[in-house]
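Beneath this line is the structure, given in structure tokens, with notes to follow.
The values are calculated or read from the model by the stated rules, or taken from the named source; none is laboratory data. Predicted model, so just to flag it, every value in this text is computed and none were measured. Cβ placement follows ideal geometry from the backbone for every residue including glycine, while neighbour counts extend to all protein chains displayed. With ligands, DNA and RNA removed, areas are computed over all heavy atoms of the protein, side chains included. Shrake-Rupley method; radii C 1.70, N 1.55, O 1.52, S 1.80 Å.
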There are 2 protein chains.
Amino acid sequence: MKTTNVADQVTRAALELFASQGYATTSVQQIVEAAGVTKGAMYHYFQSKDDLLFAIYDRMLSLQKAHLDGIVAAGGPVADVVRAVCVDVVETSIDFLPEGTVFFRSMHMLPEPRLKEVTQRRREYHDEFAALLRRGQDEGLFRTDVPRSLLVAHFFSDVHYLSHWYSPEGPETKSQVAQQLTELFLRSITEQGRGADDRADQH
Amino acid sequence: MKTTNVADQVTRAALELFASQGYATTSVQQIVEAAGVTKGAMYHYFQSKDDLLFAIYDRMLSLQKAHLDGIVAAGGPVADVVRAVCVDVVETSIDFLPEGTVFFRSMHMLPEPRLKEVTQRRREYHDEFAALLRRGQDEGLFRTDVPRSLLVAHFFSDVHYLSHWYSPEGPETKSQVAQQLTELFLRSITEQGRGADDRADQH
DNA sequence: CGGCGCAAACCGACTGGACGGTACGCCAGG
DNA sequence: CCTGGCGTACCGTCCAGTCGGTTTGCGCCG
């Protein structure tokens with residue numbers, strides 16, 4: 001409990017409702033009722049309805065960015081770093097599946113300044129990932145016959161699409177899916193000039 | 001001209017506005033003003049606002065399904081058919097980029113019966129694609145160490161994601177992108193047991 | 001050929017209700 | 001007694017959809 005259990009309950013309820021009904025079709029009334037609080041309480045902690053939306057994005061973006069930075073900072077062979085990053089992104093995206101659903105559906109409903117910030121932060125994320133791929137290309141690990149931006153898009157498309165098909169109740173666990181998607185991605189972007197790829201330069 | 005130029009104008013305007021502002025945040029007033037008609041005229045041809053949304057989906061789904069059926073019916077080696085289907089889906093999805101944007105953002109706002117139909121028709125499409133992959137797997141062309149449904153999702157994720165990054169003004173043409181994405185996909189799903197894949201069994 | 005009737009196309013002011021946001025007041029605790 | 005947390009009643013706006021009415025196109029009959 002402590003302070004602002006209210007804010008938490010509201011965020012939770014909002015997330016659930018936004019994910020299942022969409023942002024625009026969910027009324028503030030519904031949210032506060034589901035959260036077991038009143039409008040007054042909610043507007044005491046949030047300035048507006050889109051504050052709720054932004055809060056959801058903020059949590060997810062911050063966490064994923066922190067993960068990415070952490071993995072990159074840990075260092076190691078590029079191939080391993082890329083693999084770890086891919087697996088992590090898929091896994092955390094599955095952890096934040098409702099957030100992802102809401103994100104891609106309703107991002108465009110944020111008012112201009114907010115939208116700018118979200119877009120900006122996503123771009124930073126993509127750029128960091130692209131930089132990793134670049135390092136891999138420089139080492140001759142990844143193909144260069146296709147624009148790097150397309151490789152980036154190719155990977156993130158899987159992440160986006162997760163919320164359209166993955167279900168925790170399904171047959172596959174999140175780490176299985178993460179491994180499998182990562183493997184598909186890596187196979188598609190690996191340079192095929194030589195057969196040398198998996199056990200070549202282990203320090 | 002002819003009959004119902006009005007309906008056409010309205011559909012066009014609606015598509016443009018839905019794609020740029022979102023479905024929920026676009027008012028019927030805006031649409032009819034952009035289309036140069038009146039509300040009365042619009043409600044003469046459409047029963048409701050979500051009729052417009054459905055009309056957009058309908059066009060896209062029908063066209064893509066027809067393409068798919070045509071390519072499959074034309075026959076040929078499975079590998080070629082799959083390749084042709086992938087290229088075609090990407091290309092037509094680029095042709096229908098605004099429709100795609102609207103589709104994935106706003107599908108969930110359709111009333112239940114309509115939503116059911118759209119979901120159903122998408123599923124048929126996916127199933128037909130999955131059947132193709134199955135044929136390829138039976139012939140030993142495609143890998144079987146990953147659930148087929150994941151392979152399907154892996155491909156359609158690229159198609160979905162197009163509207164998030166592709167721009168006709170960008171450096172790449174639509175057929176380049178189609179070729180490249182198809183190539184990435186095919187490489188990731190091709191069975192690697194032997195090096196025999198591209199020139200093995202040509203009739 | 002011209003006028004008539006009728007149906008389809010079209011107009012646009014209006015409504016009813018929902019919804020985001022606010023004003024204000026109450027109450028507990030420091 | 002006064003501040004911060006919260007409840008409640010209310011407000012102004014907006015908007016999908018409607019409805020009575022007008023115009024337009026057109027076959028048909030005299």
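Structure above, values below:
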quantity	calculated
Filter pass, A:K65 being under 21 Å from A:R105 (Cα atoms), in contact with a Phe, Trp or Tyr (Cβ under 9 Å, 6 or more places away or on another chain) and open to solvent by 50 Å² or more (accessible area, probe 1.4 Å)	yes
Residue count for region A:33-43, restricted to those that are more than 9 Å from DNA strand C (Cβ to nearest atom) and open to solvent by less than 50 Å² (accessible area, probe 1.4 Å)	3
Scan of region B:42-53 for residues that are within 14 Å of chain A (Cβ to nearest Cβ) and within 8 Å of DNA strand D (Cβ to nearest atom), ordered by number	B:K49, B:D50
Matching entry among A:Q180, A:Q120 (being more than 21 Å from B:E183 (Cα to Cα), among the polar types (S, T, N, Q) and free of Cβ contacts under 8 Å to residues at least 12 places away in the same chain)	A:Q120
Selection count where residues are free of Cβ contacts under 8 Å to residues at least 24 places away in the same chain and more than 14 Å from chain A (Cβ to nearest Cβ), scope region B:2-41	16
Looking only at region B:44-72, and only at residues there that are within 16 Å of DNA strand C (Cβ to nearest atom) and in a helix (DSSP H, G or I), the one that is farthest from the chain's Cα centre (by Cα)	B:H44
Unique residue being of a type in the set (D, E) and touching a residue at least 12 places away in the same chain (Cβ under 8 Å) when the list is B:D50, B:D58	B:D50
Qualifying residues in region B:146-166 (those that are in contact with a Ser or Thr (Cβ under 6 Å, 6 or more places away or on another chain) and either touching a residue at least 24 places away in the same chain (Cβ under 8 Å) or under 16 Å from B:V82 (Cβ atoms) (or both)) - the one farthest from the other protein chains (Cβ to nearest Cβ)	B:S163
Subset of region B:1-32 that is under 21 Å from B:P98 (Cα atoms), open to solvent by less than 70 Å² (accessible area, probe 1.4 Å) and among the β-branched types (V, I, T) - its residue that is farthest from DNA strand C (Cβ to nearest atom)	B:T26
